[in-house]
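Below is one structure, written out as structure tokens; the observations come after it.
Any read-out appearing in this document is the output of simple, stated calculations on the displayed coordinates, not a laboratory observation. Source: prediction; values computed, not measured. Cβ placement follows ideal geometry from the backbone for every residue including glycine, while neighbour counts extend to all protein chains displayed.
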Amino acid sequence: MKTGIFFRIMIFLITFAVGLAGCTEKVEEDPCLKTKWVSSKVLEIKPVVKVTSSNTLLPSGAPGSDYPEKFNEMLVTGTIMKVDCSDQISDLFNLGNTSIVRGLDIPAEIGTDDAYWIGYVVYVYELANDKDHLDINVTVKITMLDHQSYTCNVSESVYYPQIVLMPGEMYYYVLLDIYSDNWIKI
């Protein structure tokens with residue numbers, strides 16, 4: 001009788017151990033949990049563009065076309081989208097065509113000279129993680145006073161610390177500093 005009870009206890013313990021081993025499957029930790037915020041932030045964002053003067057000479061520049069920040073007209077096209085911590089893309093928007101004429105269009109009052117709003121739309125994004133960001137891709141065409149035109153493509157990933165609250169307002173802005181060694185004469 002003792003052998004039967006011992007045998008039953010051993011079978012029970014082996015079955016329990018095998019069942020327990022099946023329950024201890026290693027679960028990979030979500031890397032986004034470490035950088036997730038306690039609460040998400042919904043931001044109304046307007047993009048701003050500025051052609052930087054630190055780009056010394058445009059390729060093939062002629063007199064009057066030496067410095068890109070002295071453009072006469074600028075055309076900005078592109079897209080803006082959210083990329084979350086796990087690299088999922090959402091909320092892709094076309095920025096449309098923004099035409100800026102120096103002297104006619106009023107610069108954005110953000111404390112930086114010669115910065116201009118890209119369109120008049122406010123884009124709403126919800127960020128919930130340090131690694132959530134916006135990817136902004138623009139094509140900028142500038143026409144100089146001598147009617148020569150140049151173009152460049154700029155892509156930028158913008159994280160929360162780069163998104164600035166507009167002074168005295170409830171919306172934010174993102175400054176795209178257009179500095180490119182790749183201006184192409186067209």
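Sorting TRP183, TRP37, TRP117 from the fewest to the most surrounding beta carbons within 10 angstrom yields TRP37, TRP117, TRP183. Charging the Cβ of each Asp and Glu at -1 and of each Lys and Arg at +1, and nothing else, the dipole of region 61-123 about its Cα centre rounds to 140 debye. Rg/Rh, computed from the Cα trace of region 31-185 with Rh as the Kirkwood radius, has the value 1.02. The amide H of ASN129, built 1.01 Å from its N in the peptide plane, has TRP37 as neighbours under 5 Å, considering only residues 5 or more places off or on other chains.
Length available on full extension from ASP87 to MET10: 0.36 nm per residue minus the Cα-Cα distance, which gives 22.7 nm. For region 78-93, 3J(HN,Hα) computed residue by residue from phi via the Karplus equation (6.51, -1.76, 1.60; θ = phi - 60°) reads x, 9, 9, 8, 9, 10, 8, 3, 8, 6, 7, 8, 8, 6, 7, 10 Hz, glycine and proline entered as x. Annotation: amide H-H contacts under 5 Å for ILE178 (H modelled 1.01 Å from N, sequence separation of 5 or more, or interchain): LYS50, VAL51, THR52. Per q in 0.13, 0.15, 0.24 1/Å, what log10 I(q)/I(0) does a Debye calculation on the alpha-carbon atoms of region 105-186 return? Here the Debye-derived log intensity ratios amount to -0.53, -0.68, -1.36.
Quick one: length gained pulling LYS70 to ILE184 fully straight, 0.36 nm per residue minus the C-alpha distance?
Values: separation 114, 0.36 × 114 = 41.04 nm, distance 1.61 nm.
That pair, LYS70 and ILE184, stretches by 39.4 nm at full extension.
Computed from phi, the 3J(HN,Hα) profile of region 142-155 under the Karplus parametrisation 6.51, -1.76, 1.60 (θ = phi - 60°) reads 10, 10, 8, 4, 8, 6, 7, 10, 9, 9, 8, 10, 10, 10 Hz, with x in place of Gly and Pro. Coupling constants for region 99-105 follow from the phi torsions by the Karplus curve (6.51 cos²θ - 1.76 cosθ + 1.60, θ = phi - 60°), and in residue order they are 9, 10, 10, 4, x, 9, 8 Hz; glycine and proline get x. Note on region 31-185: antiparallel DSSP beta bridges, both residues inside, total approximately 85 percent of the bridges counted.
Scanning residues 5 or more positions from ALA108 or on other chains, those with amide H under 5 Å from its amide H are ALA115, TYR116, TRP117, with H placed 1.01 Å from N in the peptide plane. When the Cα convex hull of region 68-144 is projected onto planes of every orientation, the mean area is 6.0 nm².
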